[in-house]
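What follows is a single structure, written as structure tokens, with notes after it.
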Amino acid sequence: MPSLKDLKTQINSVGSTKKITSAMKMVAASKLRRSQEKAEAARPYSSRLEEMLLSLASSSVSGEGVIKLLTGTGKDEKYLVIPVTADRGLCGGFNSSINRATTKFVNSLESKGKNVSLITVGKKSRDFFNRIMKDKIIESYVDVTESGYDGAFQISNKIQSLYFDDKFDKCILIYNKFVSAITQEVTRQQLIPLDIKENNEKEKKDTDDKNSAAIYTYEPDESSILKDLLPKNISIQIFKMLLESSAGEQGARMAAMDNATRNAGEMIDTLTLKYNRTRQAFITKELIEIISGAEAI
Amino acid sequence: MESTISFDLVAPEQLIFNDKVGMIIVPGKEGDLGVLPGHSKLLSSLRPGRVLVYGESKNLLKSFFVSGGFVEINPEKCIVLAEEVEEMNSLEKATIEQKMLELENETSDESKQQYLIVKSKIEALNSSHYEKI
């Protein structure tokens, strides 16, 4: 049976853990609000860019160079997979679900005989994949969410230079999509070649309704605008996804810390009960000793 | 016809300007474009330069520097998507010139591009075209 002192220290330590987790929950909640605002602020740009791209992409420009970002290399051999995790832990299954999904995906690609390489974003995926498939990692990025658009821009430049060096045919991002403050969804998104059809069908209706007779004048001309637009679209897609992921991270942390706080509370309750019982047992025992001692005289 | 056109200036990180204005001048790739209400549909890429925003009586409201991007124009709306946006008033000539000197001797592609942007920043500061119409 643990002594009273043991129980007391245990209660105290759980109590201080509870304080920490509840503080972390507050911090995560306020950070969540900020990341959500950021994601909100970035939306106009990305949606406009997408609209522009849609109106251009349907005009079926073909050719070499940058256009390949849209049309693909025509091969299906080499894959570049980009798992996006957070830099910090203590956010429930947020990071591990990405790592698990990526591992599964990579394995399934390899079993089909594809060549896979990785670019990791975030400390947690870097550490994880350094352990299990170090040879596949081309580059690791950490602390990108703090650097805003520049961070996304760097990653996008790297991806594009790899693409034009013919290092991969398809680029796929795996990240946590922000659904609500408590739910994130592991999402796989194809970045290169641009997966336009999927979006197209969804948005085609809107554009059809709005401007069916939309004939734009292009300056300088369609293909050169498209050439400018495609690389930018990649950066902005990455940027958007980084923001979503960081909002998701805060949400996940908030939920995890909320759980931890509640668990700590429960633990304190049971421990206190145990403490009181033990104390009472000691008192009873002492009383019996005194009484039986008095009777003996 | 309407006497105003709605104008959006959007940077990746935020919406910078959104209001109804009388006229906008944007630095198109092949020359400056003046956009009035009822402009025909047009899509253009931009070179680094000034975006000038005018009120209904053609008074200059605001001027921005953009490092490139795109503009989409239709009769009711003009949208500028720019990567880097700075208000002209917030630019300081001395620091930009300093940066220009730093970049002048660099040889990498990226810094060359940076150099061009910085150079056009200076040009934008020096020019006073279109300030009064």
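The values are calculated or read from the model by the stated rules, or taken from the named source; none is laboratory data. The structure displayed is predicted, hence computed values, not measured ones. Cβ sites come from the backbone with ideal geometry, for glycine too, and all protein chains shown count toward neighbours. Heads up: the accessible areas ignore ligands, DNA and RNA and are worked out on the full protein's heavy atoms, side chains in. Shrake-Rupley method; radii C 1.70, N 1.55, O 1.52, S 1.80 Å.
Ordering A:128-141, B:37-50, A:83-96 by mean Cβ neighbour count within 10 Å, with the highest value first, yields A:83-96, B:37-50, A:128-141.
Relative to the first principal axis of the alpha-carbon coordinates of chain B, what is the inclination of helix B:109-126, with its axis defined by its Cα atoms, in degrees from 0 to 90 and to the nearest 10? Orientation of helix B:109-126: about 60 degrees from the principal axis. Relative to a virtual label point 7 Å from the Cα of A:Val27 in the Cα→beta-carbon direction, which members of the range A:89-111 show backbone nitrogen distances below 16 Å? What the label zone holds, given the 16 Å backbone N cut-off, is A:89-92. Rounded to whole numbers, the Karplus 3J(HN,Hα) couplings from phi for the range B:71-83 are 10, 10, 10, 9, x, 9, 8, 10, 10, 10, 9, 10, 7 Hz, using 6.51 cos²θ - 1.76 cosθ + 1.60 with θ = phi - 60°, and x at Gly and Pro. In whole angstrom, note down how far apart the Cα centers of the range A:87-158 and the range B:105-133 are. With the range A:87-158 and the range B:105-133 each reduced to a Cα centre, they are spaced 37 Å.
Seen against the Cα atoms of chain B and their longest principal axis, helix B:93-104 is set at about 60 degrees. Note on the range A:20-46 and the range A:236-297: Cα centroid distance 29 Å, given to the nearest whole angstrom. Of the trypsin sites (Lys or Arg not before Pro) found in the range A:1-56, not one falls in a DSSP loop while having at most 10 other beta-carbon atoms within 10 Å. Each Lys and Arg contributes +1 and each Asp and Glu -1, all at the Cβ; summed about the Cα centre of chain A, the dipole is approximately 1140 debye.
Computed per residue of the protein assembly as shown from DSSP H runs no shorter than four, each worth -39500 (n - 2.57), the mean residue ellipticity at 222 nm is -18500 deg cm²/dmol. Summarising the label geometry, the points placed 7 Å from Cα in the beta-carbon direction at A:Ala294 and A:Ala281 lie 2.5 nm from one another.
Screening chain A for DSSP H helices whose Cα atoms reach 20 Å or more along their own axis and whose mean Kyte hydropathy is at least -1.0 gives A:4-57, A:94-111, A:149-164, A:222-296.
Relative contact order, whole percent, for chain A stands at 32, derived from Cα pairs under 8 Å and 6 or more residues apart.
Based on Cα contacts under 8 Å between residues 6+ apart, the range B:5-87 shows a relative contact order of 32 percent. Using the Cβ-Cβ distance between A:Gln190 and B:Lys77 with R0 = 25 Å, the FRET efficiency computed as 1/(1 + (r/R0)^6) comes to roughly 0.20. For the segment B:80-87, counting C-beta atoms of other chains within 10 Å of every residue's C-beta and taking the mean gives 2. Proximity of backbone amide H atoms, modeled 1.01 Å from N, is registered between B:Glu84 and B:Ser67, B:Gly68 at under 5 Å, excluding neighbours fewer than 5 places apart on the same chain. Exceeding 32 Å between C-alpha atoms, which entries from my cross-link table qualify? They are B:Lys77/B:Lys99; A:Lys25/B:Lys77; B:Lys29/B:Lys93; A:Lys25/A:Lys124; A:Lys75/A:Lys134. From B:Lys77/B:Lys99; A:Lys25/B:Lys77; B:Lys29/B:Lys93; A:Lys25/A:Lys124; A:Lys75/A:Lys134, over 32 Å: B:Lys77/B:Lys99; A:Lys25/B:Lys77.
Full extension of the chain between A:Val142 and A:Asp165 gives 5.9 nm of extra length, using 0.36 nm per residue less the Cα-Cα distance. Per atom type, the protein assembly as shown shows carbon and sulfur on 50% of its accessible surface, probed at 1.4 Å. Annotation for the A:B interface, with buried accessible surface near 2400 Å², both sides summed [1.4 Å probe; non-protein components not counted]. Peptide A:286-293 has a mean of 0 when you count, residue by residue, the C-beta atoms of other protein chains within 10 Å of its C-beta.
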